[in-house]
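Data first, discussion second: the structure below is written as C-alpha cells.
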C-alpha cells in the first residue's frame, strides 16, 4: 500500500468521507389513506358479491322449482351477472392498490436499511483510511490489461481469498431477509391475481 504524500496527491485523490455515495431513493405512488380506502372498498365488495351470488343461485332454484322459465331466469340474471363482472374488476383493481402500497412500504424499509448500513460502512472506511493515512486509489479503467490488474494490491487479494468462513448475519441483514421474504409473498399473490384475471 502507498501512503499519501506531496508526490502522490494527484494520483490518489481523497474522497470526502462525509459525502454519501450511491444514495438510494424510492417513490410513493399510493398513500396510506388510498390503501385504507381500497381495503374498505374490498370489504364492501366482498359482501355485495356474496349477496349477488345468493341471488343468482336463488334464480336457478326458482327455475328448478318451476317458478321461472329458462328465458325468464336468463332475463332476470343478466343484471346480476353484469354487476358480478364489475365487482370482480373492482376487486382486482383495489387488491392491486393495496399490494402496491405494501411493496412500496417494503421498498422504503429496504432502502432505509441499505442507506443506514452503507453510511455506517462508509464512515468506518473513512476512519480507517484516516488512521492509516491511506488515500483511495483512482478507479482502474476497463482498458487496463489483465496482467496489470492482477499486479494491483496482491497482498489484499491473497488475504481475502484465505477468509472462507461466513460472518454471522447482523440484525439489519436479518431484517432485510425478512422483508425480502415478505416481498416474495406479495409478488406471489400478485401473480395469482393476474392468473385469475
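The values are calculated or read from the model by the stated rules, or taken from the named source; none is laboratory data. Remember, predicted model here, so these are calculated numbers, not experimental data. Glycine gets a Cβ as well: all are built from the backbone with ideal geometry, and neighbour counts include every protein chain shown.
Annotations for the structure displayed:
- Take the conditions (1) at pLDDT 90 or above; (2) under 36 Å from the mean Cα position of the chain (by Cα); residue 60 misses just one of them, which is (2).
- Evaluation of residue 169 against (1) at pLDDT below 75; (2) under 26 Å from residue 46 (Cβ atoms) (one fails), failing number: (2)
- Tally, over the range 131-155, of residues that are surrounded by fewer than 11 Cβ atoms within 10 Å (Cβ to Cβ) and at pLDDT 85 or above: 1
Residue by residue, here is whether (1) exposed (fewer than 11 other Cβ atoms within 10 Å of the Cβ); (2) at pLDDT 70 or above; (3) within 30 Å of residue 106 (Cβ to Cβ); (4) within 36 Å of the chain's Cα centre (by Cα) holds:
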position: 4; (1), (2), (3), (4): no, no, no, no
position: 27; (1), (2), (3), (4): yes, yes, yes, yes
position: 35; (1), (2), (3), (4): no, yes, yes, yes
position: 65; (1), (2), (3), (4): yes, yes, no, no
position: 74; (1), (2), (3), (4): no, yes, no, no
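- Any chance residue 89 is closer than 30 Å to residue 26 by Cβ, free of Cβ contacts under 8 Å to residues at least 12 places away in the same chain and in a helix (DSSP H, G or I): yes
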